[in-house]
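What follows is a set of notes on a single structure, which appears directly below.
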Amino acid sequence: MMTLRNCRIETDAEGIAWLTLDKADASANSLNAEMLQEAAEVLAALEKNPPRGLVIRSGKRSGFVAGADINEFTTLESIEQAERLTKAGQSVIDRFEALPCPSVAAIEGFALGGGLELALACTYRVAVGNDRLTLGFPEVLLGIHPGFGGTVRSVNLIGAPAALDLMLTGRNLRGSKALTAGLVDRLVDTADGLADAARDLIRRRPAPRRAPWTQRLLSLAPLRPFIARKVRAGVARKVRADHYPAPYAIVDLWERYGAKGRAAYDAEAASIARLFLTPTSRNLVRVFFLQDALKSQRVPGGTAPARVHVIGAGVMGGDIAAWCALRGLEVTLQDRSEAYLKPAFERAAALFEKRIKDPAKRIAADARLRADLAGDGIATADLVIEAIVEDIDAKRALYAELEPRLRPGAVIATNTSSIKLEELASALADPGRLVGLHFFNPVAQMPLVEVVHAPSSAQASISTAIALARRLDKFPLLCRSAPGFLVNRVLSAYMQEAMFAAREGVAFEVIDRVAVDYGMPMGPVELSDVVGLDICRHVGAIVARGLGRPLPDTTELDARVAAGKLGKKSGEGLYLWRDGKPVRSMVTGKAAGPASAAAPADLEDRLMLALANEAVACLREGVVADADQIDAGLIFGAGYPPFRGGPLHAARARGVDACVRRLEELAALHGSRFAPDAGWAQLATPRS
């Protein structure tokens with residue numbers, strides 16, 4: 001038996017070697033330099049004295065191998081260094097493939113990125129086929145692609161279409177889908193069955209799996225350019241090459257080399273080395289760590305509630321209730337009548353149908369969500385979520401009725417999107433109960449939840465809110481109570497600047513095109529329609545009053561709202577909407593103009609520096625803890641382009657002094673709303 005710091009290998013009575021990967025001081029395995037070096041030592045022993053077969057397994061309960069160690073990405077200083085690191089990893093994986101004995105990857109849980117590349121280098125793969133089984137190549141989400149041979153071996157194993165889809169999307173295959181795709185050779189029911197399945201394959205030595213011949217044909221040189229052109233066009237519909245170069249690099253590698261020969265491996269190493277040093281990859285790695293920091297928050301005393309009562313069955317309240325039930329909580333949903341509850345339960349049923357494949361588990365989720373017109377669930381709820389109309393008086397009146405019915409220690413969480421908690425807490429005998437849980441629409445898709453606290457909020461209430469967000473698989477962002485909190489306050493400045501440009505005669509479509517070209521998921525005009533013009537007007541007014549700023553001119557907006565033109569939900573707002581999509585023609589002639597029309601030279605700066613300037617103001621006021629959390633909040637809550645690393649990170653990259661000078665220029669041209677906030681000086685201070 002050989003025992004190293006991160007792995008151990010032993011040989012049984014049949015002559016089968018069992019290599020257990022167990023990275024020291026870590027909850028999951030990753031292929032860092034130390035792990036790869038130890039694997040090389042193991043390989044030297046196996047090459048010298050080959051066993052009957054080799055089984056590679058994990059000593060971690062979490063899964064097989066999560067991939068390469070992302071921390072090592074941040075230390076790369078040159079393309080040459082990156083290529084050396086990649087080729088060193090390739091060499092180790094190649095040696096596993098070249099062993100003169102059959103090898104089996106025994107997978108429980110996940111095998112991702114470099115972990116899947118290691119498994120693909122084995123002769124066979126067996127896995128526990130439960131809901132935890134997760135196989136995939138998430139590298140593209142970090143601005144790179146597989147680098148330990150994955151761009152070659154995946155194509156040869158499952159064919160170009162399936163392999164390219166995995167690499168280009170970063171999506172995972174779960175459970176039996178991994179078997180159907182051909183990534184694994186056999187599924188077993190329990191972890192105990194892995195060893196027997198591995199032994200059986202080593203004893204029988206069936207022919208290793210290959211892609212079907214029909215799939216192999218697609219990688220022939222005459223066909224590759226035609227297929228690559230189609231795949232590249234599909235990529236272009238989703239992302240731009242200058243924003244996200246990695247997907248284009250994946251297609252280029254396959255088109256040039258067809259996943260054949262040593263040249264394909266060398267080209268993979270050279271390609272990923274270049275990608276490592278791009279701003280996109282650097283920023284996406286930064287976003288990964290920002291996400292991890294939000295997910296890993298632990299607050300003393302924070303226990304997720306088991307029973308939740310939601311008041312307000314509108315789109316937000318109903319969808320929050322459904323998501324809570326999906327995640328295993330007991331939920332009661334209250335509104336004024338059955339008519340208000342019915343649409344919420346219909347949406348919940350659709351969510352469960354989409355997200356839960358097991359019929360028995362779907363029935364259980366349905367049972368966890370119950371209608372409660374009388375509000376009987378209030379008395380037993382650990383936490384009550386209020387999601388009624390965005391009106392201070394209505395919320396205060398509700399709290400006065402609600403509080404006497406609460407059990408001791410129960411928390412009240414308001415889903416207000418803009419109202420300061422101090423204005424609401426005055427209706428409570430115990431204001432310490434009140435926190436904000438600001439979800440974003442659509443609840444099932446948006447990962448961020450702003451956890452809002454006032455000076456009166458009890459630490460136990462804050463901790464419970466954070467624990468609930470994590471139980472719901474959301475990213476909790478701790479925000480101080482302030483007008484609009486973080487996301488809506490910053491978005492208000494951005495969306496209002498779009499309306500200023502529109503009043504100057506810039507076409508809505510041109511405004512949106514400039515924002516999308518910058519990398520935003522949709523433009524501010526379309527976003528206004530999606531949110532709802534009535535809500536935009538209301539939230540904008542609350543934020544402006546709360547910050548002591550003059551209200552913008554909303555005459556045109558008021559007229560649309562009065563006419564029932566509220567945006568996407570009414571079929572017409574700033575755009576016309578058909579089949580859930582905006583019709584790219586103007587609703588009014590005032591903002592009409594061709595989408596191809598040239599944008600004003602300063603429009604991008606007007607939009608994005610208005611956003612950044614408001615984010616800097618939030619930093620100065622301490623709305624959230626630091627600049628990194630502001631960036632995280634605006635990436636995960638407002639859709640700020642991840643490849644830019646966040647608005648404050650992008651401002652630092654541009655240069656704080658350059659941003660301030662540009663704001664001063666814009667203020668001279670367009671008005672005092674562009675006056676640089678005093679917080680830019682704080683942003684310019686070097687980080688410790």
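Please treat every number below as a calculation from the coordinates, not as lab data. Small disclaimer: the values here were computed from a predicted structure and weren't measured. Don't worry about glycine lacking a Cβ; one is built from the backbone with ideal geometry, like all the others, and counts go over all protein chains shown.
For this structure, a couple of remarks:
- DSSP-assigned coil residues among GluC sites (Glu not before Pro) in the stretch 494-588, each with at most 13 further Cβ atoms within 10 Å: Glu504
- Distance (nanometres) between label positions extended 7 Å along Cα→Cβ at Arg336 and Asp131: 3.8 nm
- Euclidean distance between Cα centres, the stretch 338-413 to the stretch 414-439, Å: 17 Å
- The stretch 465-552: C-alpha gyration tensor shape, a/c 1.5 cut-off, then a/b vs b/c: oblate
- Distance (nanometres) between label positions extended 7 Å along Cα→Cβ at Ile79 and Ala668: 4.0 nm
- Tensor-based shape of the stretch 307-480 (alpha-carbon gyration tensor, a/c under 1.5 rounded, otherwise prolate or oblate): prolate
- Across the options Phe500, Val583, Leu527, the greatest Cα extent toward the positive end of the charge dipole of the stretch 487-601 (unit charges at beta carbon of Lys, Arg, Asp, Glu) belongs to Leu527.
- Per residue, the average separation of C-alpha pairs within less than 8 Å and at least 6 apart gives the chain a relative contact order of 8 percent.
- Centroid-to-centroid separation of the stretch 466-513 and the stretch 9-55 [C-alpha atoms, Å]: 50 Å
- Values [x] 200; [y] 188; [z] 176 are given for comparison; volume of the Cα convex hull per residue in Å³, derived from the coordinates here, is the one labelled [z].
- The shape of the stretch 35-84 comes out oblate: with a ≥ b ≥ c from the C-alpha gyration tensor, a/c is at least 1.5 while a/b does not beat b/c.
- For the pair the stretch 151-206 / the stretch 601-635, the C-alpha centres are spaced 44 Å from each other.
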